[in-house]
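Structure first, commentary second.
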């Protein structure tokens, strides 16, 4: 019974599943309290093993929710003042924010895409974009591409698990494990890259 409850919210796609997916991804993109990649992966896994959700709509819903969340975060950083920026970037190191801001000046939209895909990269990038008053006409297309690639990456993990198992529940559980494993690997790689950069910094001083 408890296991069935895990899959129950996705069972009614039109009335519950898609709105739930959109709401969770949007919430996690504005306030990082929801593991949004995990939500997308499990929804995609359910779509592969059930007729209640369709994979194209899962991808479109996830992309639009992620885009909306990123644009809201950018707007808060651009128009909310220093207090709003401090709230958005709470927990971020000042050195990291300055590093991202300098990278943003050099690379622009490419950093927006990379920031969406890399662990803990999205908030510093959007904060830098807001602080530098990055134009909306450039931000929106870059954010749309970033949101689509991000949603596609996590949806593919769900597709893999859904292609292996016929049971929606098993597919969702395997997708959860895959998303967590990929996230852990990316976090380790990101931390290693930052430590190497910090070790090289004294050589340039």
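The values are calculated or read from the model by the stated rules, or taken from the named source; none is laboratory data. These numbers were taken from a predicted model, which means no experiment stands behind them. As a convention, Cβ positions derive from the backbone with ideal geometry for all residues, glycine included, and neighbour counts pool all protein chains shown.
Some values worked out for this structure:
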read-out	value
Close pairs (8 angstrom Cβ cut-off, 6 or more residues apart or separate chains): on the phi > 0 side of the Ramachandran plot in the stretch 132-144, surrounded by 13 or more Cβ atoms within 10 Å (Cβ to Cβ) and assigned to a helix (DSSP H, G or I) anywhere	133/78
The stretch 10-60, residues that are over 21 Å from residue 149 (Cα atoms) and not in a helix (DSSP H, G or I)	11, 12, 33, 50, 51, 52
Matching option when the condition is at pLDDT below 75 and in contact with a helix residue (DSSP H, G or I) (Cβ under 6 Å, 6 or more places away or on another chain), among 113, 174, 125	174
Verdict on residue 147 being buried (at least 24 other Cβ atoms within 10 Å of the Cβ), in contact with a helix residue (DSSP H, G or I) (Cβ under 8 Å, 6 or more places away or on another chain) and either closer than 28 Å to residue 55 by Cα or without any contact (Cβ under 8 Å) to a residue 40 or more places away in the chain (or both)	yes
Qualifying residue in the stretch 78-89 (condition: under 18 Å from residue 154 (Cβ atoms), out of contact with any strand residue (DSSP E or B) (no Cβ under 6 Å at 6 or more places or on another chain), assigned to a helix (DSSP H, G or I) and modelled with pLDDT of 85 or more)	no
